[in-house]
Amino acid sequence: MTPPFSRDYDESDVRVRPSRRGSRPRTKDRPAHDDARIGQVTTVDRGRWTCLVDGHEVVAMRARELGRTSTVVGDRVALVGDTSGAPGTLARIVRVEPRTSVLRRTADDTDPYERVVVANADQLAIVTALADPEPRARMVDRCLVAAYDAGMTPLLVLTKADLADPAEFLANYAGLDIAHIVTRRTPGGIDGLDELHAALHDRMTVLVGHSGVGKSTLVNALVPGVDRATGHVNAVTGRGRHTSTSAIALALPGGGWVIDTPGVRSFGLAHIDPDHIIDAFPDLAEGTADCPRGCSHDEPECALDAWVAGGHAGPSGTVRLASLRRLLRNRGGSDDTEPREPE
Ligand SMILES: Nc1nc2c(ncn2[C@@H]2O[C@H](COP(=O)(O)OP(=O)(O)OP(=O)(O)O)[C@@H](O)[C@H]2O)c(=O)[nH]1
Ligand SMILES: [Mg+2]
């Protein structure tokens, strides 16, 4: 139970009771909140939303009038009430501004309940350790699908190159135009940070990946003064410990945002439209004009084979088509991509 708390009432608490025969739907009676201040949600914890408003943190609750719309990290929100951010104060979120992107995932592919992980991010950094835990191409593929579906730019971040060579794993992505960065721990810190800083500059980037791949370690190195907890990977099972439990957006010193998220077991992808994925392959998308209606693009009648054979997609067309089909296939099916316990 949340303890009751007192707060000042203001004009936004006034509710107009619609008459029984009134024709105006109740939702139209909402106050306009012209006095609201705009903030950005940086983290959510037990029914409290922390928002950054003009450079200071304001803790807020959601107003009842928001109904069932979710409010997640990255959302831009309108706040009323006490927005001073002074200790013990609580503002109210009365509106969620239109989102430029939403990253969704489900617990698994059959889960009808989609969760919005983060709003308004424009880059998805898929963080994968080259060892400890072992890299999983299937997990990366599924994150790529989620990025394409959300209209976000994917970025591959391969960590722990001090433990294994990246070449073999990178070969899986040769056919895709995905930027990648390799980082490794050295006695002096983390190598590859300058490249990572450059790739994140002025963007809103969300880090996703299995537990233990080093997301929080990177965030600690990128943002001065931040001290996210990091956890060891179990030597026997190869699993991380799910150290981070909530997402947090942190401002990067040179401009831009990085969002650390808790490790996920898998990236469930219910309800993804194959055409969204194909749109991310402009050299191939054009070739689907001759496909039969409702083509899965992974069947004998698919026009893409002829398109590629005709050289329309350039010399790397064959590899790219194979990569596209792998993504389309990995969209469905069961998914337990996290390392399994030894039998
Ligand atoms: N050898 C090596 N270890 C690393 C590297 N980066 C991180 N680690 C270690 O990997 C372990 C897990 O790191 P975290 O940063 O907690 O991983 P995370 O992805 O945030 O994990 P969750 O919060 O559980 O999702 C820690 O013991 C880190 O010290 C690296 O480049 N090389
Ligand atoms: Mg973490």
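Values quoted throughout were computed directly from the atomic coordinates according to the rules given, and no laboratory measurement underlies them. As the structure is a computational prediction, the values presented were derived from the model and not from experiment. FYI the Cβ positions are ideal-geometry reconstructions off the backbone, even for glycines, and counts take in every protein chain you see.
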Exercise. Over the chain, what is the mean sequence separation of C-alpha contacts under 8 Å (at least six apart), divided by residue count, expressed as relative contact order in percent?
Worked result: 15 percent
Problem set entry | Linear extension gain, Leu193 paired with Ala86, 0.36 nm per residue minus alpha-carbon span | 35.0 nm
Exercise. Cα centroids of the range 245-276 and the range 134-151: how far apart, whole angstrom?
Worked result: 11 Å
Seminar exercise, completed: Of all DSSP beta bridges having both residues in the chain, the percent classed as antiparallel (nearest 5) is 60 percent
For this session: Find the cysteines in the chain that fail to meet the 4.7 Å Cβ criterion with every other cysteine, and list them.
Result: Cys51, Cys143, Cys302
Problem set entry | Helix-only [θ]222 nm of the chain, DSSP H runs n ≥ 4, -39500 (n - 2.57) each, per residue, nearest 500 | -5000 deg cm²/dmol
For this session: Determine the relative contact order of the range 274-330: mean sequence separation of Cα pairs under 8 Å and six or more apart, normalised by residue count, in whole percent.
Result: 31 percent
Problem set entry | the range 33-96: Cα Rg divided by the 2.2 N^0.38 Å rule of thumb | 0.96
Exercise. By how many nm would the segment from Glu168 to Thr318 grow when fully extended, if each residue of separation counts as 0.36 nm and the alpha-carbon distance is taken off?
Worked result: 52.0 nm
For this session: Taking only Cα atoms and a 10 Å spring cutoff, compute GNM fluctuations for the chain and point out the largest among Ala119, Ala171, Ala129.
Result: Ala171
Problem set entry | Length added when fully stretched, Ala32-Val236, from 0.36 nm per residue minus Cα-Cα | 67.7 nm
For this session: Sticking with the crude label model, points 7 Å out along Cα→Cβ, report the distance from Glu97 to Ala251 in nm, one decimal please.
Result: 1.5 nm
Exercise. Once amide H atoms are placed 1.01 Å from N in the peptide plane, what residues at a sequence separation of 5 or more from Val182, or on another chain, have their amide H within under 5 Å of its amide H?
Worked result: Leu158
